[in-house]
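**Q** First, the structure itself, so that you have it in front of you.
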Amino acid sequence: MRWTPILTLACAVAMAHGDVIISNLSGTTTSGTYIGPSATTVYKAAGFTMGSDSYNLESVIIRVRSSDPAATTDVEIWTGNGAPTSMIAQLSGSAFDADGLYTFTPTTDVTLAANTTYWVYVNNAAPSGNFFWDGSSLPPSGIATSAGFHFNGATSLTTNAYEVNGAVAGDCACIANLTGDCETNTNDFFAFLALYQNQDPAADFSPGGGINTNDFFAYLAAYQADLNNPDCPG
């Protein structure tokens, strides 16, 4: 499926509105990791260790610069203490047709278990073009703690820009629910419109701060996702 960057952003943040598990996307862009047919990269992975709660994975966001208009890559979730050792999930995303944030989502349910180390694993096995996984000036932080970065089997000091989002296992599955009844319907839509009109922080459904049209489109994507989610009553 091909998304425009703004729709990608909207879908990304709509799914991510539960909890940010770990992120450094607010940092400024630094030199990153070159990935593609012309690169020596086999893989680059960003590790994080979960806290005392288990979370259902909703999305992974990475920031890229693309030198090819249709660059793609495999983004996966791996486990392993100290280094990625076993893949547990492949994620689905879009081609990198512009510089910016791109979202990858699990194709099956993925639970990130408490006190377990996971890796966002960007695989160079079958990319269709060259791109940079951007670096970030900030270390990753959040509910989880950073387990560092790995490049081609060794520890890496390059801090790549990424975010992992999810919801506490067992929480309400309705990501656009704003009225507290764990159902998504027109009451939630009108509640969002009121928040949006008043520039309320609760209407912030997109990264970057402030309330703007990105938040509006992100909420619409979340609302539609809830309507299509059999676990979310409406």
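The values are calculated or read from the model by the stated rules, or taken from the named source; none is laboratory data. Just so it is clear, the model here is predicted, and its values are computed rather than measured. Every residue, glycine among them, receives a Cβ derived from its backbone with ideal geometry; neighbour counts consider all protein chains shown.
**Q** Is it the case, given these coordinates, that Thr73 is closer than 18 Å to Val42 by Cα and β-branched (Val, Ile, Thr)?
**A** Yes, satisfied.
**Q** Just to check your reading of the model, which residue among Tyr196, Tyr223 is within 26 Å of Glu163 (Cα to Cα), in contact (Cβ under 8 Å) with a residue 24 or more places away in the chain and outside any loop (DSSP other than H, G, I, E, B)?
**A** Being within 26 Å of Glu163 (Cα to Cα), in contact (Cβ under 8 Å) with a residue 24 or more places away in the chain and outside any loop (DSSP other than H, G, I, E, B) holds for just one of Tyr196, Tyr223, which is Tyr223.
**Q** Limited to the stretch 203-220, what total is found for residues that are surrounded by fewer than 18 Cβ atoms within 10 Å (Cβ to Cβ) and assigned to a loop (DSSP other than H, G, I, E, B)?
**A** Total satisfying the criteria: 4.
**Q** Would you mention how many residues in the stretch 159-176 are over 16 Å from Ser137 (Cβ atoms) and either surrounded by 16 or more Cβ atoms within 10 Å (Cβ to Cβ) or of a type in the set (A, V, I, L, M) (or both)?
**A** 11
**Q** I'm trying to understand the selection: among the residues of the stretch 6-59, which are at pLDDT below 95, under 16 Å from Val110 (Cα atoms) and part of a strand (DSSP E or B)?
**A** Asp19, Val20, Tyr55, Asn56, Leu57, Glu58, Ser59
**Q** Inspect all residues belonging to the stretch 171-188 and state whether any of them is part of a strand (DSSP E or B) and over 16 Å from Ile61 (Cβ atoms).
**A** no
**Q** Tell me whether the stretch 143-158 contains one or more residues that are over 18 Å from Ala114 (Cα atoms), aliphatic (A, V, I, L, M), touching a residue at least 40 places away in the same chain (Cβ under 8 Å) and surrounded by 22 or more Cβ atoms within 10 Å (Cβ to Cβ).
**A** No, the stretch 143-158 contains no residue that is over 18 Å from Ala114 (Cα atoms), aliphatic (A, V, I, L, M), touching a residue at least 40 places away in the same chain (Cβ under 8 Å) and surrounded by 22 or more Cβ atoms within 10 Å (Cβ to Cβ).
Yes/no per residue for (1) at pLDDT 90 or above; (2) polar (S, T, N, Q); (3) under 15 Å from Tyr34 (Cα atoms):
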{"residue": "Asp109", "(1), (2), (3)": "no, no, no"}
{"residue": "Ser128", "(1), (2), (3)": "no, yes, yes"}
{"residue": "Phe131", "(1), (2), (3)": "no, no, yes"}
{"residue": "Ser141", "(1), (2), (3)": "yes, yes, no"}
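**Q** Take Asp188 and tell me if it is crowded, with 18+ Cβ neighbours inside 10 Å and either of a type in the set (D, E, K, R) or over 24 Å from the mean Cα position of the chain (by Cα) (or both).
**A** Yes: the conditions hold for Asp188.
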